[in-house]
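The values are calculated or read from the model by the stated rules, or taken from the named source; none is laboratory data. This structure is a prediction, so every number in the text was calculated from the model and none was measured. Because the Cβ atoms are built from the backbone with ideal geometry, glycine has one as well, and the counts that use them run over all protein chains shown. Each accessible area value is taken on the protein alone, full model and side chains, heavy atoms only, with ligands, DNA and RNA left out. Shrake-Rupley method; radii C 1.70, N 1.55, O 1.52, S 1.80 Å.
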Amino acid sequence: KAGVTQTPRYLIKTRGQQVTLSCSPISGHRSVSWYQQTPGQGLQFLFEYFSETQRNKGNFPGRFSGRQFSNSRSEMNVSTLELGDSALYLCASRGGLSGWNEQYFGPGTRLTVT
Amino acid sequence: DQQVKQNSPSLSVQEGRISILNCDYTNSMFDYFLWYKKYPAEGPTFLISISSIKDKNEDGRFTVFLNKSAKHLSLHIVPSQPGDSAVYFCAASEVGGTASKLTFGTGTRLQVTL
């Protein structure tokens, strides 16, 4: 059974640009969450999507947005990039028979903003 | 405001000995706790969890203890093995909230030496 996949794995962008990251959950998982990991803050929850609807949102500015498609794949978008957006962005999926409360993370997308 | 705290950024333990990783939380609404392990360039991997109705949960070499009155949990690894060297994150989920919205600590880097 394939795990959570994220593309691209690495990305370099310039301040002011926008970026779109993609996440494919484990087959059968309908919940997809996004997290930002930075050295000083650890992992911080961005938002969760379930059945194409945003179900929860963390404390991030509106520049961070996401969506989920009917096949449960999800994308997150960051507009007007800032240097502080440099981070590892992790996607996680949950649900199915594997245990409701355990999330399974992808390897992440390393975003560098210059 | 860090609601989940891992006050030890790093820990070094000899192979075969016990590793004890600690985590404190401040939010009384947390009712489910998880530990994740993370290797470099990989996403966090679920390790073990505990519900607030329990005070102990075991899975092989891993045991999590929960002290609700002290708002403290710990992960014990016995015996420690070199492959356990990784960053360990403690995470918590709120009552009535979606289990996907986890609040993470900043992590403890465990090094198991030969």
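Among the residues making up region B:32-46, those that are more than 13 Å from B:SER74 (Cα to Cα) and either within 12 Å of the chain's Cα centre (by Cα) or of a type outside the set (A, V, I, L, M) (or both) are B:TYR32, B:LYS37, B:LYS38, B:TYR39, B:PRO40, B:GLU42, B:GLY43, B:PRO44, B:THR45, B:PHE46.
Residue-by-condition table, conditions (1) out of contact with any His (no Cβ under 9 Å at 6 or more places or on another chain); (2) under 30 Å from A:ARG9 (Cβ atoms); (3) open to solvent by 30 Å² or more (accessible area, probe 1.4 Å):
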residue	(1), (2), (3)
B:ASN27	yes, no, no
B:TRP35	yes, yes, no
B:ALA41	yes, yes, yes
B:SER49	yes, yes, no
B:ASP55	yes, no, yes
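Within 20 Å of A:SER27 (Cα to Cα), open to solvent by less than 40 Å² (accessible area, probe 1.4 Å) and not β-branched (Val, Ile, Thr) - does that describe any residue in region A:49-59? Yes, there is a match, as at least one residue in region A:49-59 is within 20 Å of A:SER27 (Cα to Cα), open to solvent by less than 40 Å² (accessible area, probe 1.4 Å) and not β-branched (Val, Ile, Thr). Region B:42-103 holds strands (runs of 3 or more DSSP E) entirely within its bounds, and those carrying 1 or more residues that are within 14 Å of another protein chain (Cβ to nearest Cβ) map to B:45-51, B:56-59, B:62-67, B:86-94.
For region B:1-18, residues that are exposed (fewer than 15 other Cβ atoms within 10 Å of the Cβ) and closer than 9 Å to B:GLN111 by Cα total 3. Can you spot a residue in region A:31-45 that is open to solvent by less than 60 Å² (accessible area, probe 1.4 Å) and farther than 30 Å from B:ASN7 by Cβ? Yes. For B:LEU110, the requirement of being open to solvent by less than 10 Å² (accessible area, probe 1.4 Å), modelled with pLDDT of 95 or more and closer than 19 Å to A:GLU102 by Cα is not met. The strands (runs of 3 or more DSSP E) found entirely in region A:19-114 that carry 3 or more residues being within 14 Å of chain B (Cβ to nearest Cβ) are A:19-24, A:31-38, A:42-50, A:53-57, A:87-94, A:103-105.
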